[in-house]
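The values are calculated or read from the model by the stated rules, or taken from the named source; none is laboratory data. Given the structure is predicted, the values throughout are model-derived calculations rather than measurements. Here the Cβ positions follow ideal geometry from the backbone for every residue, glycine too, while neighbour counts run over all protein chains shown. These area figures cover heavy atoms from the full protein model, side chains too; ligands, DNA and RNA do not enter into them. Shrake-Rupley method; radii C 1.70, N 1.55, O 1.52, S 1.80 Å.
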Amino acid sequence: MSVALAWLLQRSPNILLIPGTSSTAHLRQNIAGAGLSLSHEDLTELDDISR
């Protein structure tokens, strides 16, 4: 989930994510995703997967 959130945030700075969570573990994962920095290669591979 963290990588998915990081990917969305890096695709567009104007995107607003509101992930829901029912546990502190998932909240920690969501917060970690906001701090991930994906390389250009990572973004390209994820973009290819999403098509």
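On inspection, L46 does not qualify as at pLDDT 85 or above, surrounded by 10 or more Cβ atoms within 10 Å (Cβ to Cβ) and assigned to a loop (DSSP other than H, G, I, E, B).
Tallying residues that are surrounded by 10 or more Cβ atoms within 10 Å (Cβ to Cβ) and more than 21 Å from R51 (Cα to Cα) within region 1-31 yields 8.
If you go through region 12-30 and pick out every residue that is at pLDDT below 85 and not polar (S, T, N, Q), you end up with 7.
Listed conditions (1) outside any loop (DSSP other than H, G, I, E, B); (2) out of contact with any helix residue (DSSP H, G or I) (no Cβ under 7 Å at 6 or more places or on another chain); (3) exposed (fewer than 13 other Cβ atoms within 10 Å of the Cβ); (4) not hydroxyl-bearing (S, T, Y) are all met by A34, apart from (2).
Contact map, region 22-46: first residue under 10 Å from V3 (Cα atoms), second residue open to solvent by less than 70 Å² (accessible area, probe 1.4 Å) and assigned to a loop (DSSP other than H, G, I, E, B), Cβ cut-off under 8 Å, separation 6 or more or different chains; pairs are N30/P19; N30/T21; L46/L38.
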